[in-house]
1. What is the fewest-to-most order of B:Ser38, A:Ser176 by other Cβ atoms lying within 10 Å of their Cβ?
2. Can you give the mean number of other chain Cβ atoms that lie within 10 Å of the Cβ atoms in peptide A:381-394?
3. For the range A:157-169, in order, what is each residue's ³J(HN,Hα) by Karplus, 6.51 cos²θ - 1.76 cosθ + 1.60 with θ = phi - 60°, in whole Hz (x at glycine and Pro)?
4. Which ³J(HN,Hα) values in Hz, rounded to whole numbers, follow from the phi angles of the range A:212-223 under the Karplus curve 6.51 cos²θ - 1.76 cosθ + 1.60, where θ = phi - 60° and Gly and Pro get x?
5. Taking the Cβ of A:Thr95 as the center, what net charge do the other residues with Cβ under 14 Å away carry, scoring Lys and Arg +1 and Asp and Glu -1?
6. Assigning unit charges at the beta carbon (Lys, Arg +1; Asp, Glu -1) and nothing else, what dipole magnitude in debye, to the nearest 20, does chain A show about its Cα centre?
7. Find, among the GluC sites (Glu not before Pro) in the range B:88-179, those assigned to loop by DSSP (not H, G, I, E, B) with at most 15 other beta-carbon atoms within 10 angstrom.
8. Relative to the longest principal axis of the C-alpha atoms of chain A, give the angle of the C-alpha long axis of helix A:116-132, reported between 0 and 90° and rounded to the nearest 10°.
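Since every read-out is calculated from the coordinates, none of them should be taken as a lab result. Quick caveat: nothing in here was measured; it's all calculated off a predicted structure. Don't worry about glycine lacking a Cβ; one is built from the backbone with ideal geometry, like all the others, and counts go over all protein chains shown.
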Amino acid sequence: MAAPIILTTVLGTLARIIILGSRYTQTLADRIELSTPVTSWKLMTEGVFLLDHGISPYEGDNFHQPPLLLYLFFVIHKTAPSLIPLVFLFLDLTTAFLLYLLNPFSILTCAAQSTSIINNLMIASTFLLTLKGQRISATLTLALASYQSLYPVMLIVPSAMHLAFLKMQERKETISYSSRTAVSAILFTVGSFLIWYFILLGVSYTMLESWDFVRSTYGFTLSVTDLKPNLGLFWYYFMEMFEHFRIFFLWVFQVHAFIYTLPLAIVLWKCPSFVFFCQLILMAVFKSYPSLGDTTVYFALLPVWSHAFHYLRNGLVISVMIVISVVLAPVLWHLWIYAGSANANFLFAFTLIYSTAQIFLVTDLIFAFLRRSFSLQHGMKALKPDGTEKLVKLQ
Amino acid sequence: MFAVLGDSFHVACQHYDLFPKAVGQIIESHDVKELHLSLTQGLWRHDKWGYPVRSSPPGAELWAWFNETPARSIDESWANLVNSLSGLFCASLNFIDATNTVVPNLSFRPSGVVRGDERPDQDSVRYASLPKENVCTENLTPWQKLLPCNSKAGLSTLLNAIRLYNAHYHTLTVDVQPVCQSYPACTSTVLRLTQSISVVFRPTLNAGHQQWSLQSLFDRPLKGPCPLAVKSYIHVDISNESISLDYTLNPPPSKVTSDDHGKVASYDVAEMTQGGKANPPTLHAHRFIAGYGQENGGITCMIYNNDISNAVDVVYMETLPWYVRLYLHTMKIKTENGTDVKPDMLRFVPGRDRGRPYLLELMFTLPPASVITFSIQFDRAFLKWTEYPPDANIGFYLGISIQKHMFIVKVCSHQCQFTIFCQFYNSTAAPRCILAIKFKQFPRVEQFIRIYTEPLLLQLPLPDFSMPYNVICLVCTVFAIAFGSIHNLTTRRLDYEKKKETIWMKVKRRIPFLGKKEKKDSKESKEEKKEDGRARDASSTNEDATGDAGRTKEDVAKGTKVD
C-alpha cells in the first residue's frame with residue numbers, strides 16, 4: 001500500500017520539478033489551454049511589476065486577479081523571486097496530496113504557474129474540510145476560492161447542506177433540512193462564509209484604498225471583455241455576437257452557470273457531496289474563462305463515485321471526445337495563429353467538443369447516480385414474466 | 001541585361017540564393033540543358049538601329065536544348081516546359097504544340113559551353129515561335145520578379161512600364177545556358193541566367209532639343225546599384241563620336257574602352273551614385289514590430305546617437321491602442337553591448353478595453369556614439385467581429401492617431417532637461433515640476449528636437465466574419481444539451497418502463513367493431529393499469545411511512561406480480 005503512494009509522490013514531484021526547471025515554462029504559461037486572463041502568470045508578473053512601480057494594476061484592463069493574491073506574490077517577488085516556482089510546486093503538491101499527483105493537466109498547469117492552482121487548492125481543501133465537518137476552516141477556504149474566482153460561491157449550497165447533514169447525524173435526528181438543527185447549521189455556515197468573504201474584501205480595500213479591483217476582477221469575469229480564446233464557450237460566442245444582444249446573452253450565460261445549484265440540491269439532497277462534485281464539472285464548463293486546470297479537481301474526485309460507473313452509458317464516447325479535443329485544440333490553435341492555414345472555426349469546433357464531453361460526463365454521472373439509487377431501492381434486476389429484464393426509464 | 005550565375009543554388013537540397021527558384025525548378029524538372037525565350041513587340045530595324053544586343057523576332061520565340069533522352073520523352077518534356085513557362089511569364093506560350101514546333105538542324109547551335117568530346121545531338125533541340133503574341137506589363141512583372149532585387153533597387157528601377165510600352169520597340173528575353181565555372185581551366189559548368197530587355201526610344205523626337213537623360217527616358221532617376229550585384233554598369237556606345245555631330249556625355253564616364261568594332265563609354269553605377277547621400281543627423285530612430293504569429297509580439301525601437309562626444313537626454317513616448325496589450329515588465333532598454341539602461345523617469349498609464357490607449361513615457365540618457373534598443377512585448381487582443389474595419393486583413397496601423405509617437409529632447413545639460421520635462425508635464429502632473437524648479441537657475445534651452453518614427457502595421461487575429469449565426473446556433477445547442485439533460489434528470493423520476501399504448505391500439509380501442517378479441521385485450525390492459533396504480537399508491541404510502549428507506553422488498557415483488 002505504501003510503495004505505490006511513495007512511487008507516485010516521487011514521480012509526481014519529479015515531473016513538476018523537471019518541467020518547472022525546463023525552458024518550456026514560458027511556452028506553457030502562454031498556452032491558452034492552461035492560462036486564461038484571470039489566471040495567467042504573465043499578467044500576475046505584470047501586476048507585481050506595476051505595483052512595484054507605484055502604478056495601480058487595477059487602473060488598466062490588463063490585470064484581473066484579486067489584491068491579496070497580488071500582494072502575496074509581490075512580497076515573494078520582493079524577498080526571494082527565485083522561490084516563485086517553488087511556491088507553485090508547494091501549492092500544487094499540497095493539492096496533490098489531497099487529491100491527485102500524476103494528472104498531466106495538473107502537472108502542466110503547475111508548470112505554467114497558473115494561479116488556478118491556488119483556486120484548486122482552496123476548492124480541494126473546502127471539500128476535505130466540509131467532509132470532516134470543520135465549518136470555520138471550510139468556509140474560510142471556500143471564501144478564499146470565491147474571492148479569487150467568484151464562481152465557487154455556488155459551492156456554499158452543497159457545503160452548507162453537508163455540514164447540516166453531519167450535524168443531524170451527530171444528533172441522531174431524521175434527515176430533514178427543514179428541522180431546527182438543519183436550519184441553524186445552514187445559517188451558521190452561510191453566515192461564517194459571508195463574514196470571511198467580507199473580511200477578505202475589506203482587507204483588500206484597506207490595502208488599495210479603492211474598490212477598483214472589484215471592477216477589474218469580478219466585473220471582468222462577469223462582463224467577459226477580453227475575448228482571448230480558451231477552452232470555454234464564451235469567447236467565440238461573444239466575438240461573433242450581434243451588438244444589441246450582447247448584454248442579454250451575457251446575463252443568460254452567467255445566470256445559467258449558477259442555476260443548476262437549486263435543482264441538483266433538491267434532487268440529490270441525500271448526497272450533498274455529489275452535488276458539490278457536479279457543480280465542479282459544471283463550473284469548469286460554464287465559467288467565462290475555463291482552463292484545463294479547472295478539470296483537475298473533479299477528475300481526481302471522479303473515482304469517489306466509481307460505484308456508480310456501472311450505470312454510465314457514454315464512458316467511451318466521453319473519454320474519446322476529451323482526448324481528441326485536448327490533443328487537437330493546440331494543433332488547430334497553431335494552424336490558426338501561427339501557420340495562418342486555418343481559421344478560428346477550427347479551434348472553436350474543438351472547444352465545443354471539449355465542453356460537450358464534460359456536459360455528457362456530468363449528465364451521465366447524474367443519471368448513473370440516480371439509476372444506482374433506484375436499483376438500491378428496487379433491487380438490482382427486475383424480470384418480466386417472460387424472463388427478460390425490465391427496462392428502467394425516466395418518466 | 002542582367003546575368004545571374006547559378007553556382008549559388010543546389011538543386012539537391014532545394015536551396016536557392018540569387019538564382020530564381022521558379023526558373024531553377026523548371027530547368028530541373030524538364031531536363032533542360034539550355035533555354036532561350038524572347039517576348040518582343042515590334043520589329044528591330046537593322047537599317048536604322050544597327051545590330052541588336054540580342055536578336056529576337058516579333059512575338060514570342062522559344063527554343064530549348066534538352067539533355068540526351070529518347071525523342072519521345074523530349075517531346076513530352078517540351079510540351080510540359082512550354083506550359084510551365086506559359087504560367088511563369090503569363091504569356092500564351094501554351095499555343096505552342098506539335099503543329100508549330102520544329103527540330104532545326106543547321107540554324108541553331110548550343111550557345112553555352114559544350115564538353116569537348118561531346119557532339120551536340122541536333123535531335124534534342126526544339127524551336128517554336130508565336131508571331132501574334134502581344135507583350136505587355138503582365139509579362140514584365142513576372143520577368144522583373146526573377147531579378148535578385150526585383151524592381152526595388154538597381155537598374156531595374158528604371159523599368160517604368162508606362163515608358164517602356166510607349167517605345168518603338170521592346171523585347172524581354174530570358175536565356176539559361178551552361179557556362180564555365182572558372183576560366184581558362186573549364187573543369188565544371190554552372191548555369192547562367194541572362195535576362196535582357198531592349199527598348200528603342202527616340203527621346204529627341206518631340207523634345208525640341210537634342211538632350212536626353214535617364215530621367216527623360218524612363219521618367220525616373222537611377223538611385224544606386226542593386227546591393228546584391230557584383231557589377232552594375234551603364235554602357236553608352238560612342239563609336240560614331242568622330243563622324244556624328246558634337247555631343248558630350250555628362251557626367252563624364254568612369255572609363256572608355258575602344259576596339260576595332262567601336263567605342264564604348266561605361267558608367268559604374270555604384271561609383272556614380274555614391275556621392276550626394278546626406279549623413280544621418282546626430283539623433284535618429286527606427287521602430288519596428290518583432291515576433292511572429294498573431295498571438296503576441298514586440299515593439300523594438302532603435303535610437304541612434306551619432307554624436308561622438310556628447311551624451312543626449314531623451315524622452316521617449318509610446319502610445320498604443322488598447323488592443324495592443326503592453327507588458328511593462330517585459331520592457332528592456334539596452335545598449336549595443338547588452339548593458340541595461342535604467343530610465344531616469346517612467347510613466348505608464350495602462351490601457352482600458354475599449355476605453356483608453358496605453359501610454360508609456362520614458363526618460364533616459366543616450367551615451368555618446370551609441371545605439372540604444374528599446375523593446376517591449378505585447379499580446380494582441382481578440383476583438384469583437386464588429387470592431388474590425390472592413391478590410392481587416394490589411395491589419396491595424398499603430399500610432400498614427402496620436403500626434404507624437406516619440407519625441408526627443410536634446411539639451412545641453414541636465415538642468416534644462418528638467419525644465420522641459422516640467423513644461424511637458426505642466427498640464428497633467430504638476431507635482432513633478434518640483435525637480436525643474438530646483439534647477440531653474442539655468443534656463444538655457446539649446447535645442448529641442450522631436451523625431452517621429454514609422455507608423456507600424458499590426459495584424460490582429462481574425463474571427464470568421466461569416467459565422468455569427470452558426471456560432472450562436474452551435475453554442476446555444478451545447479447549452480441546450482446541458483440544460484435539457486439536467487432538466488430531464490431533475491424533474492422526472494426513474495421507474496420501470498410501462499407498456500406503451502401504440503396509436504394502432506388506441507384506434508382499435510376507439511372503434512368497437514374491430515373484433516371482440518382486441519376489445520377484451522384492451523379491457524384487460526385497463527384493468528392492469530388500474531391495479532398497477534393501486535399498487536403504486538400502496539407503495540407510496542409505504543414510502544411515506546418509512547421515510548427515505550424506500551420501497552420494501554415486498555413492494556418490489558408485488559410490482560412484478562402485477563405486471
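1. Starting with the residue having the fewest Cβ neighbours, the order is A:Ser176, B:Ser38.
2. 3
3. Using θ = phi - 60°, the values come out as 5, x, 5, 5, 4, 5, 5, 5, 4, 4, 4, 5, 5 Hz.
4. 3, 5, 5, 5, 6, 9, 5, x, 5, 4, 7, 8
5. For residues surrounding A:Thr95, the net value is -1.
6. Around 1420 debye, computed over chain A.
7. In loop regions of the range B:88-179 (DSSP not H, G, I, E or B), the sparsely surrounded GluC sites (Glu not before Pro) are B:Glu118.
8. 30
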